[in-house]
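Engineer: Have a look at this one before I ask anything.
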Ligand code: NAD
Ligand code: TYD
């Protein structure tokens with residue numbers, strides 16, 4: 001019998017990479033991609049696999065109780081890989097309610113539907129919850145986030161993700177639902193919506209527009225190539241210990257300013273610009289409210305127990321990413337020609 005796997009948020013950035021990996025690598029699985037297609041969901045992310053026999057798209061909202069319970073009845077899912085979420089910190093500062101609804105309520109709706117469908121026999125079932133390192137809060141100059149680091153989320157986004165993690169663990173403890181959670185650092189790569197630092201900057205550099213750096217640009221993030229995140233999810237899904245948490249990270253810390261310098265230099269070469277030309281676009285703007293200083297993951301549990309490691313260095317990953325955005329102008333154009341301009345004006349006009 002084929003396994004039926006529900007992947008939520010599969011039309012988004014990371015979800016589309018996970019769906020692609022699973023559809024191509026596991027013809028023996030039926031992959032159901034559930035996505036409501038918010039501004040961040042884009043079926044163009046999946047045109048290379050959307051006619052495959054083991055792939056089906058389901059348009060729907062994870063907060064819609066009736067709809068979610070109906071698809072659990074209809075498709076007999078064996079496992080859920082849950083990525084659907086509101087994911088942008090800046091939007092969570094302007095509109096926290098959407099984050100509460102989608103990230104917290106939506107996760108409980110899915111947990112309930114899975115519990116109801118599986119309660120007579122949890123054998124061979126799994127609810128895999130994809131989360132973020134931001135639940136651990138903000139680090140000072142030293143130290144790393146471990147799986148045992150106490151939660152201390154500081155933005156509406158990270159607080160909503162932390163809440164959803166707690167609920168997943170509560171279903172494991174209370175109902176014995178088999179679950180696994182992973183908390184990953186910042187991702188970069190192809191198909192990322194250009195509201196996030198790297199694709200936003202690539203687009204602005206290309207169009208000779210100012211690159212907005214919050215504060216002094218000295219905040220630190222640990223960047224992981226998105227395909228490596230998808231590989232980690234694959235490993236944890238198949239080999240992770242039920243009830244456990246795994247941190248995923250790139251061992252790749254950059255201040256925002258150093259990262260943008262690097263990106264400018266790569267783009268100068270790709271666009272045949274004079275060395276240093278793109279760096280002139282850097283513009284320091286008002287800082288993000290409550291801006292977390294530093295994130296850094298200790299991924300040794302995942303490496304030691306399950307043998308996962310990042311497959312490439314940042315230099316290679318950033319080149320691949322820039323190449324993808326330059327080669328996929330229509331993908332970018334279709335986004336920036338829509339509501340994006342309005343979002344951009346609102347977010348950056350008073351900074
Ligand atoms: P994204 O914003 O690119 O995609 C989110 C997807 O979820 C979109 O396709 C959207 O349409 C869908 N969605 C949103 N609300 C929905 C709803 N109510 N019902 C159904 N679908 C809905 O996000 P991403 O960057 O790909 O992140 C995916 C997951 O990974 C999130 O849970 C996020 O918290 C987590 N994560 C992201 C990062 C990162 O660097 N981007 C790092 C660690 C963890
Ligand atoms: P982002 O890509 O939004 O991810 P996160 O907030 O989840 O880490 O931002 C990455 C870093 O870049 C973060 O420190 C905020 C900063 N940043 C800017 O300086 N300018 C920008 O325009 C954006 C979107 C982010």
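Table: residues versus (1) touching a helix residue (DSSP H, G or I) at 6+ places or on another chain (Cβ under 7 Å); (2) surrounded by fewer than 22 Cβ atoms within 10 Å (Cβ to Cβ); (3) within 20 Å of residue 297 (Cβ to Cβ).
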residue	(1), (2), (3)
91	no, yes, no
138	no, yes, yes
157	yes, no, yes
169	no, yes, yes
182	yes, no, yes
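Engineer: Yes or no: residue 243 within 13 Å of ligand 2 (Cβ to nearest atom), at positive phi and either part of a helix (DSSP H, G or I) or over 19 Å from the mean Cα position of the chain (by Cα) (or both)? Before you say what the answer is, go through the steps one by one.
Structural biologist: Numbers: within 13 Å of ligand 2 (Cβ to nearest atom): no; at positive phi: yes; either part of a helix (DSSP H, G or I) or over 19 Å from the mean Cα position of the chain (by Cα) (or both): yes.
The answer is no for residue 243.
Engineer: Only residues that are under 15 Å from residue 332 (Cα atoms), under 19 Å from the mean Cα position of the chain (by Cα) and in contact (Cβ under 8 Å) with a residue 60 or more places away in the chain: list them for region 198-228, please.
Structural biologist: 198, 199, 201, 202
Engineer: Another one. For region 103-130, give me the residue count where each residue is within 11 Å of ligand 1 (Cβ to nearest atom) and crowded, with 23+ Cβ neighbours inside 10 Å.
Structural biologist: Total satisfying the criteria: 6.
Engineer: Please go through region 188-212 and pick out each residue that is closer than 13 Å to residue 277 by Cα and surrounded by 22 or more Cβ atoms within 10 Å (Cβ to Cβ).
Structural biologist: Hits for region 188-212 are 205, 211.
Engineer: Write out, first by first residue and then by second, each pair whose Cβ atoms fall under 6 Å of each other, whose residues are 6+ apart or on separate chains, and whose first residue, in region 85-99, is in contact (Cβ under 8 Å) with a residue 60 or more places away in the chain while the second is outside any helix (DSSP H, G or I) and more than 10 Å from ligand 1 (Cβ to nearest atom).
Structural biologist: Listed pairs, sorted by first residue: 89/155; 92/155; 93/289.
Here is a yes/no grid of residues against (1) within 23 Å of residue 183 (Cα to Cα); (2) surrounded by 19 or more Cβ atoms within 10 Å (Cβ to Cβ); (3) within 8 Å of ligand 1 (Cβ to nearest atom); (4) modelled with pLDDT of 95 or more:
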residue	(1), (2), (3), (4)
6	yes, yes, no, yes
24	no, no, no, yes
31	yes, yes, no, yes
35	yes, yes, yes, yes
39	no, no, yes, yes
51	no, no, no, yes
70	no, no, no, yes
73	no, no, no, yes
87	yes, yes, yes, yes
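Engineer: Filter region 297-319 for residues that are assigned to a loop (DSSP other than H, G, I, E, B) and out of contact with any helix residue (DSSP H, G or I) (no Cβ under 8 Å at 6 or more places or on another chain) and give the result.
Structural biologist: Restricting attention to region 297-319, the residues satisfying the condition of being assigned to a loop (DSSP other than H, G, I, E, B) are 298-299, 307-313.
Correct list: 298, 299, 313.
Engineer: Exactly one of these conditions fails for residue 289: (1) out of contact with any helix residue (DSSP H, G or I) (no Cβ under 6 Å at 6 or more places or on another chain); (2) outside any helix (DSSP H, G or I); (3) closer than 30 Å to residue 350 by Cβ. Give me its number.
Structural biologist: (1) is the only condition that residue 289 fails.
Engineer: Also: Output the number of residues of region 73-91 satisfying the condition of being within 19 Å of the chain's Cα centre (by Cα), part of a helix (DSSP H, G or I) and within 23 Å of residue 7 (Cβ to Cβ).
Structural biologist: Number satisfying all stated conditions: 1.
Engineer: Taking the condition touching a residue at least 60 places away in the same chain (Cβ under 8 Å) and out of contact with any helix residue (DSSP H, G or I) (no Cβ under 7 Å at 6 or more places or on another chain), does residue 239 pass?
Structural biologist: In short, no.
Engineer: Select, from 323, 298, the only residue that is surrounded by fewer than 15 Cβ atoms within 10 Å (Cβ to Cβ) and more than 15 Å from ligand 2 (Cβ to nearest atom).
Structural biologist: Details: 298 fails: surrounded by fewer than 15 Cβ atoms within 10 Å (Cβ to Cβ).
None of the other options fit; the residue is 323.
The values are calculated or read from the model by the stated rules, or taken from the named source; none is laboratory data. The shown structure was predicted, so the numbers you read here are calculated from the model rather than taken from an experiment. Backbone-built Cβ (ideal geometry, glycine too); neighbour counts: all protein chains shown.
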